[in-house]
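**Student:** Sharing a structure with you now.
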Amino acid sequence: MPKMKSSRAAKKRFKRTATGKIKRYQANKSHILTKKTAKRKRQLRGSTLVAGPDRKRCDRLLGGK
């Protein structure tokens, strides 16, 4: 059985932390920014962790088990 290929799209979107969690960037920061408040745009700037139910799916996309 050959190795599973990791999804190239997922590789560009997610990064694995040192403890094995999966980090992602937040959505809604690419366009139509004029109607969003400065506070909202500032808070979207940072990264966050992938939620528990989605972690298994992201792990598989990144070439995990």
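**Student:** What residue, among those in the range 43-54 that are under 15 Å from Thr19 (Cα atoms) and not in a loop (DSSP other than H, G, I, E, B), is most open to solvent (accessible area, probe 1.4 Å)?
**Tutor:** Leu49
**Student:** Could I ask something else about it? What about Ala27, is it in a loop (DSSP other than H, G, I, E, B) and open to solvent by less than 100 Å² (accessible area, probe 1.4 Å)?
**Tutor:** Details: in a loop (DSSP other than H, G, I, E, B): yes; open to solvent by less than 100 Å² (accessible area, probe 1.4 Å): yes.
Considered against the rule, which asks whether it is in a loop (DSSP other than H, G, I, E, B) and open to solvent by less than 100 Å² (accessible area, probe 1.4 Å), Ala27 comes out as yes.
**Student:** Another question, if that's okay. Counting just the residues of the range 1-24 that are of a type outside the set (Ser, Thr, Tyr) and assigned to a loop (DSSP other than H, G, I, E, B), which one comes out least open to solvent (accessible area, probe 1.4 Å)? Quick ask: steps written out before the conclusion?
**Tutor:** Filtering the range 1-24 down to residues of a type outside the set (Ser, Thr, Tyr) leaves 1-5, 8-16, 18, 20-24.
Restricting the remaining residues to those that are assigned to a loop (DSSP other than H, G, I, E, B) gives 1-5, 18, 20-21.
Details: Met1: 223, Pro2: 110, Lys3: 187, Met4: 142, Lys5: 180, Ala18: 117, Gly20: 37, Lys21: 88 Å².
Per the criteria, the residue is Gly20.
**Student:** Something else about it: Of all residues in the range 28-55 being within 13 Å of the chain's Cα centre (by Cα) and without any contact (Cβ under 8 Å) to a residue 12 or more places away in the chain, which is nearest to Ser7 (Cα to Cα)?
**Tutor:** Among those residues, the one meeting the criterion is Asp54.
**Student:** Please find, among Arg40, Arg57, the residue that is assigned to a helix (DSSP H, G or I), modelled with pLDDT of 95 or more and open to solvent by 100 Å² or more (accessible area, probe 1.4 Å). Steps first, answer last, please.
**Tutor:** Values: Arg57 fails: modelled with pLDDT of 95 or more.
Within the list Arg40, Arg57, the selection yields Arg40.
The values are calculated or read from the model by the stated rules, or taken from the named source; none is laboratory data. Model, not experiment: these values are computed from the prediction. We place every Cβ from the backbone using ideal geometry, glycine too, and count neighbours over all the protein chains shown. Note: areas computed on protein heavy atoms with side chains; ligands, DNA, RNA excluded. Shrake-Rupley method; radii C 1.70, N 1.55, O 1.52, S 1.80 Å.
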